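Structure first, commentary second.
The values are calculated or read from the model by the stated rules, or taken from the named source; none is laboratory data. What you see is a predicted model, and the numbers here were worked out from it, not measured in a lab. No Cβ is skipped: glycine too gets one built from the backbone with ideal geometry, and neighbour counts run over all protein chains shown. Accessible surface is based on the protein model in full, side chains and every heavy atom, while ligands, DNA and RNA are left aside. Shrake-Rupley method; radii C 1.70, N 1.55, O 1.52, S 1.80 Å.
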Amino acid sequence: MRISARADYAVRAALQLAASRDDAPLKTEAIAGAQDIPHKFLEGILNDMRRGGLVLSRRGGNGGYRLARPAESISIADVIRVVDGPLVSVRGVRPPDLSYSGPAQSLLPLWIALRSNVREILEGVSLADVAAAELPADVAALTDVPDAWMNP
């Protein structure tokens, strides 16, 4: 699985909004500066997030962006889907729409299992969890496996 720069920036921007203690909107420049995200790229991402119902925007001197709902109710999967589409695809096709034959037949259940695990993790972690550095125990446990940090 590959996390695009767009998805990474979107999650980081959403986390910056989640960490904002008051309800005042944050300006694009402030988010971009805090997370070292190219400003123009971030504008497009925030517009996608607004159209996807994750953030609200307000124009003017006191304008900016804020989360559309509580950080506890927005999963990391929600953010990635809004900016990148499905969490797992094969050649741009969702696994249930694939078909294989011969010795490759068992690839389909493998891709479905992969998608299921990715969903379980990314749908089970909210912006609030990450912003508070409190990952769910089952997710945190996956990082305790020494090989998790190694690149084979």
### Summary
Residue hits (the range 73-96; of a type in the set (Asp, Glu) and either closer than 19 Å to Leu26 by Cα or in contact (Cβ under 8 Å) with a residue 60 or more places away in the chain (or both)) are Asp84
### Summary
Reported set for the range 48-66 where residues are open to solvent by less than 70 Å² (accessible area, probe 1.4 Å), more than 14 Å from the chain's Cα centre (by Cα) and touching a residue at least 40 places away in the same chain (Cβ under 8 Å) is Gly64, Tyr65
### Answer from Ala24, Ala5 - the residue that is surrounded by fewer than 16 Cβ atoms within 10 Å (Cβ to Cβ), touching a strand residue (DSSP E or B) at 6+ places or on another chain (Cβ under 8 Å) and aliphatic (A, V, I, L, M)
Ala24
### Task
Name the one entry in Ala104, Ala133 that is hydrophobic (A, V, I, L, M, F, W, C), out of contact with any Asp or Glu (no Cβ under 7 Å at 6 or more places or on another chain) and either more than 30 Å from Ser57 (Cβ to Cβ) or open to solvent by less than 70 Å² (accessible area, probe 1.4 Å) (or both).
Ala104
### Query
Could you count how many residues in the range 103-152 are among the aromatic types (Phe, Trp, Tyr) and under 22 Å from Pro70 (Cα atoms)?
0
